[in-house]
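Remarks on the structure that follows.
Nothing in this text is a laboratory measurement; each read-out follows from the coordinates by a stated rule. These figures come from a predicted structure and were not determined experimentally. Reconstructed Cβ throughout: ideal geometry from the backbone, glycine too, with neighbour counts over all protein chains shown.
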Amino acid sequence: MDFVKEFAIFLQKSGAIKFGDFKLSSGKDSAYYIDLRIVPSFPHQFRKMVKAVQNLISEKIGLDSFDYIASVPTSGLVIASALAIETAKPLIYIRQKPKDYGTGSLIEGKIPEGSRVVLVDDVGTTGHSLLNAIRALKDAKIIVESAFVTINRLEGAHENLKAEKVKLYEIIDILAISNILHTENILDEQTLDRIKKQMNSSKSS
């Protein structure tokens, strides 16, 4: 079984993806909910997931094309930390808002101007948190051209990052996960249709 298929089935069995009726942090209704914070509780699958991100980066842009790994708290930072250890690349992270004590910096870690970073997060939806990070990095005169997520929800992240001249890559997207689970008789036709409608309404809104 290839990793993508194995991973999709694992997500459902572990409860990292659930299907039903959910309210997202954005206030939107969703036919599914993804919580990759569960994955590190399964070390073998977590290691495979991190390796898959590493392989994707290596394949798409090459490990020599960037100097630093950057991420955003919290779930993406767990993946990025493991990835930094695997690749022996320095790690920084970008807060959503400046802390109100100490230096008040948005960017945590030591990184010189002109450094090339690759952004890593767990899930891409609209790309809002990644966009905040991209703008903070650019304001600090740091070069960012690529971002990698484990799962793309296909709700505008790719297009929104492209507008900032950043290319988004993913291991798998929600449609591929849903199709695999449907083929394996884990996901019913009605739920699959709901997910497709949700994606289409996000694209048209």
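The table that follows gives values for the structure above.
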read-out	value
In nm, spacing of pseudo-spin labels at His44 and Asp2 (7 Å Cα→C-beta vector)	2.2 nm
About the Cα centre, charge dipole magnitude for the chain (Lys/Arg +1, Asp/Glu -1 at Cβ), debye	380 debye
Helical contribution to [θ] at 222 nm, DSSP H n ≥ 4, -39,500 (n - 2.57), averaged over the chain, rounded to 500	-13500 deg cm²/dmol
5 angstrom amide H check on Glu145, placed H, neighbours 5+ away	Val117
Among the listed pairs Lys5/Lys48; Lys23/Lys51; Lys60/Lys165; Lys51/Lys138; Lys138/Lys165; Lys141/Lys165, those beyond 22 Å (Cα-Cα)	Lys23/Lys51; Lys51/Lys138
Using θ = phi - 60° and Karplus 6.51 cos²θ - 1.76 cosθ + 1.60, couplings along region 127-142 (whole Hz; Gly, Pro as x)	x, 4, 5, 5, 5, 4, 5, 4, 5, 5, 5, 5, 4, 8, 6, 10
Among 65-72, 90-97, 183-190, the order from most to least packed when residues are scored by Cβ within 10 Å on average	65-72, 90-97, 183-190
Angle in degrees between helix 3-14 and the longest Cα principal axis of the chain, rounded to the nearest 10	70 degrees
Length-normalised contact order of the chain in % [C-alpha pairs under 8 Å, at least 6 apart]	17 percent
Unit charges at the beta carbon, dipole of the chain: most positive-side option, Phe3, Ile111, Gly127	Ile111
Most fluctuating residue given options Ser115, Ser105, Ser81, as computed from a GNM of the chain linking Cα atoms under 10 Å	Ser105
Kirkwood hydrodynamic radius over Cα pairs of the chain, then Stokes diffusion coefficient at 37 °C and 0.692 mPa s, in µm²/s	187 µm²/s
